[in-house]
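Working notes, beginning with the structure itself.
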Amino acid sequence: MSRLGAVLLLLVLLGLMAGLAVGPQGLAPLAFWTDVQGDQAGLILGQIRAPRTLGALFVGALLGLGGALAQGLFRNPLADPYLLGTAAGAGLAVVLILAGASAGGWALSLSTLAWVERAGLVGAAFVGALAGLGLTLLLAAGAVNTLRLLLAGVVVAVVLGAASDLVTTFSPEALRGKQAFMLGSTSFLGWDAVALLALGLALLLPLAARLARVLDALTLGEDSAASLGLHLPRLRLLLVLLLAAGTALAVSQVGLVGFVGLVAPHLVKRLAPGPNRPLLLLSAATGGALLLWADVLARALIAPQELPVGVLTAVLGGGYLFVLLRQRGLR
């Protein structure tokens, strides 16, 4: 595990440097200093590239941590952070804000967001994600039964997704904003968002590490975990709240970025299997490195234009899972 941690640290450091170096010419380290010289150097590096790069790292870490929590909680290798209705709730809230703005005649679009408008969308996405979780817990009658909680999350996601589609049917102007949100983007991250993400990660990561023993006990089965004296309904609810808080924070800042939370724990389990405490920490680091490099590639591949980072993570993550399934199918 120490070897994997060292590799991840190196990847993160290289990714941070690449994130600062990528510009209109793509990833061009030799042209880095010429690109940022002059009066706009502080603006380009300090206000655009640096917060975007650090924000991608922190969002990926939150998603990687959420994926490890979800897979440990549900004991399902296909569980991801969006499983409890948080993503669908955030998407519906954003669509409602965009539809309301369109109906009111406001010039609100994801391509020309003022600070206040951006803050409104971020706040709505965060509240919507927590509301989606609340509906899931209400439908599942709490976090007493894992299977019921999982099914309730699927039902809530389908219903809220249908409601979002219904809103865009009556307000086509909101469809473009919804599409941008669903594809994910790090281009709007600023220092205020980086501060929120860093604070959230600093609070959630130690709490998750303290609850890792619960995930270790759940691997033995719920009856065995209960026999160890653990109050499973309360502890399971704490894990669900940690998972939802991290996911809601990440989604509210960049939209839906797929496969990072699913793939990161898979990679850690494959390269350095072990107990859940190091798994959670390494999954967060892996998720951060994955999204950091995905953001670099999204900016560099077709520069000066950009690919939606969520599309790139879906392609890379789906390709990884396809190769993994092929390998296991050949055994």
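Brief remarks on what is shown
- Of the DSSP H helices in the chain, those whose Cα atoms cover at least 15 Å axially and whose Kyte score averages 0.5 or more: 2-21, 50-74, 86-103, 115-139, 146-170, 191-210, 232-254, 260-271, 276-300, 309-329
- Relative contact order (%) - criterion: Cα under 8 Å, at least six apart; region: the chain: 33
- Where the chain is the region considered: accessible area per residue in Å², 1.4 Å probe: 47
- Cleavage-rule hits, trypsin sites (Lys or Arg not before Pro), the stretch 42-102, DSSP coil, Cβ neighbours within 10 Å at most 16: R75
The values are calculated or read from the model by the stated rules, or taken from the named source; none is laboratory data. These figures come from a predicted structure and were not determined experimentally. Note: ideal-geometry Cβ built from the backbone for every residue, glycine included; neighbour counts use all protein chains shown. Note: accessible area is taken over every heavy atom of the protein model, side chains too, but ligands, DNA and RNA are not part of it. Shrake-Rupley method; radii C 1.70, N 1.55, O 1.52, S 1.80 Å.
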